[in-house]
1. Among the residues of the stretch 45-70, how many are in contact with a helix residue (DSSP H, G or I) (Cβ under 6 Å, 6 or more places away or on another chain) and buried (at least 16 other Cβ atoms within 10 Å of the Cβ)?
2. Can you tell me which residue in the stretch 110-137 is farthest from residue 76 (Cα to Cα), limited to those that are modelled with pLDDT of 70 or more and in a loop (DSSP other than H, G, I, E, B)?
3. Suppose we keep only residues that are under 20 Å from the mean Cα position of the chain (by Cα) and part of a loop (DSSP other than H, G, I, E, B) within the stretch 78-98. Which one would you say is nearest to residue 116 (Cα to Cα)?
4. Could you tell me whether any residue of the stretch 75-88 is out of contact with any helix residue (DSSP H, G or I) (no Cβ under 6 Å at 6 or more places or on another chain), at positive phi and at pLDDT 90 or above?
5. Please find, among 62, 107, the residue that is outside any strand (DSSP E or B), under 19 Å from residue 47 (Cα atoms) and in contact (Cβ under 8 Å) with a residue 12 or more places away in the chain.
């Protein structure tokens, strides 16, 4: 005699996720706070849907400002940027996603940024330390 279960294995996992979501919502409603989600570490990407270098419009959308504001911030040196093209009529830059996400995470954590230019300089210095040293090829006759 075979016993057939009425609950499929994948349905149990969905039920557990639903239960967890309900518990979080009830906790938030009763206590008035939201449990802290762990922040992504340096090796994890908080927004895998975005490229590593953001177009100015993408950065503006993330920061909640206009594209013109991002362009001015790049021109003033407040936002670190990578120039892809320097033409006489058209200039193309990209903004590192890691910088924008780090800045937003710090602001959401309650950190006060008094000088965006200073914050960008500190971020660039710390990013330069984390970069691996470039491999230097050995001369052909040095073996």
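1. The number of residues fulfilling the criteria is 7.
2. So in the stretch 110-137, the residues modelled with pLDDT of 70 or more come out as 110-128.
Next, from what is left, pick out any that are in a loop (DSSP other than H, G, I, E, B): 110-115.
Numbers: 110: 25, 111: 23, 112: 20, 113: 17, 114: 16, 115: 12 Å.
Ranking the qualifying residues of the stretch 110-137, first place goes to 110.
3. 78
4. The answer is no, given that none of the residues of the stretch 75-88 is out of contact with any helix residue (DSSP H, G or I) (no Cβ under 6 Å at 6 or more places or on another chain), at positive phi and at pLDDT 90 or above.
5. Details: 107 fails: in contact (Cβ under 8 Å) with a residue 12 or more places away in the chain.
On inspection, the qualifying residue turns out to be 62.
The values are calculated or read from the model by the stated rules, or taken from the named source; none is laboratory data. Since we're looking at a predicted model, the values are computed, not measured. So basically every Cβ, Gly included, is an ideal-geometry build from the backbone, and we count neighbours across all protein chains shown.
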